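**Student:** My questions all concern the structure below.
The values are calculated or read from the model by the stated rules, or taken from the named source; none is laboratory data. Because the structure is predicted, anything quoted here is derived from the model rather than measured. Reconstructed Cβ throughout: ideal geometry from the backbone, glycine too, with neighbour counts over all protein chains shown. Heads up: the accessible areas ignore ligands, DNA and RNA and are worked out on the full protein's heavy atoms, side chains in. Shrake-Rupley method; radii C 1.70, N 1.55, O 1.52, S 1.80 Å.
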Amino acid sequence: MKNQPFHHRLSYSLQGIRSAWRQEASFRSQALMALGVVAVLVAVRPAPLWWALLLMNCGLVLGAELLNTALEQTLDHLHPEIHPAIKVAKDCAAGAVLVFSLSAVGTFLAFLGACLSHR
């Protein structure tokens, strides 16, 4: 699988995103929220720094959710029964998604505050 042409690697990445979209309600919700953030950015047209901060946070949340999904899928396949160590790993991955999500919400609230203070 290593050292394959770029278009092959890209297709694997897109397949992973499609799988997460189909199988994970939380990924769909977060992707729709990211589209909402993009819509707000297009409507408000803030400074490039806000674009960078908000888009980076959206990417981090979606990336963390993809990693969480990959970990859950792998662990469930390798060890379908409940195991304390696997529970910790899955809970930590879910916690990482939560931390990134809270950071994204905080950044968006700071953006809204900045927009309201300039009016």
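**Student:** Please go through region 104-119 and give me each residue that is touching a helix residue (DSSP H, G or I) at 6+ places or on another chain (Cβ under 6 Å) and of a type outside the set (A, V, I, L, M, F, W, C), ordered by number.
**Tutor:** Hit for region 104-119 is T107, nothing else.
**Student:** Filter region 65-118 down to the residues that are outside any helix (DSSP H, G or I) and over 23 Å from R22 (Cα atoms), then identify the one that is farthest from the chain's Cα centre (by Cα). Steps first, answer last, please.
**Tutor:** The first filter runs over region 65-118 and keeps only residues outside any helix (DSSP H, G or I), leaving 79-83, 118.
Those still in the list that are over 23 Å from R22 (Cα atoms) too: 81-83, 118.
Values: E81: 27, I82: 26, H83: 26, H118: 30 Å.
Ranking the qualifying residues of region 65-118, first place goes to H118.
**Student:** How many residues are assigned to a helix (DSSP H, G or I) and farther than 16 Å from S103 by Cα if we restrict to region 32-48?
**Tutor:** Our first condition is that a residue be assigned to a helix (DSSP H, G or I); within region 32-48, this holds for 32-44, 48.
Cutting the leftovers down to farther than 16 Å from S103 by Cα gives us 32, 35-36, 38-44, 48.
Summing the residues that are assigned to a helix (DSSP H, G or I) and farther than 16 Å from S103 by Cα in region 32-48 gives 11.
**Student:** Here is a list: A64, A85, A93, A34. Which entry is small (G, A, S) and closer than 29 Å to H118 by Cα?
**Tutor:** On the way: A64 fails: closer than 29 Å to H118 by Cα; A85 fails: closer than 29 Å to H118 by Cα; A93 fails: closer than 29 Å to H118 by Cα.
Selected residue: A34, the only one of A64, A85, A93, A34 that is small (G, A, S) and closer than 29 Å to H118 by Cα.
**Student:** Sticking with this structure for a sec: Could you give every pair whose Cβ atoms fall below 7 Å, whose first residue belongs to region 100-119 and is of a type in the set (A, V, I, L, M, F, W, C), and whose second residue is modelled with pLDDT of 95 or more and open to solvent by 40 Å² or more (accessible area, probe 1.4 Å), counting only separations of at least 6 or pairs across chains?
**Tutor:** F100/L60; F111/W50; C115/V44
**Student:** Taking P48 as meeting all but one of (1) farther than 19 Å from A114 by Cα; (2) open to solvent by 90 Å² or more (accessible area, probe 1.4 Å), write down the number of the exception.
**Tutor:** (1)
**Student:** Of all residues in region 55-93 being open to solvent by less than 40 Å² (accessible area, probe 1.4 Å) and in contact (Cβ under 8 Å) with a residue 40 or more places away in the chain, which is farthest from A31 (Cα to Cα)?
**Tutor:** T69
**Student:** Could you go through region 8-23 and let me know if any residue there is of a type in the set (K, R), part of a helix (DSSP H, G or I) and either closer than 18 Å to G106 by Cβ or at pLDDT 95 or above (or both).
**Tutor:** First pass over region 8-23, keeping only residues of a type in the set (K, R): 9, 18, 22.
Right, trim to part of a helix (DSSP H, G or I) and you get 9, 18, 22.
Add one more test, that the residue is either closer than 18 Å to G106 by Cβ or at pLDDT 95 or above (or both), and what stays is 18, 22.
Among the residues of region 8-23, at least one is of a type in the set (K, R), part of a helix (DSSP H, G or I) and either closer than 18 Å to G106 by Cβ or at pLDDT 95 or above (or both), which makes the answer yes.
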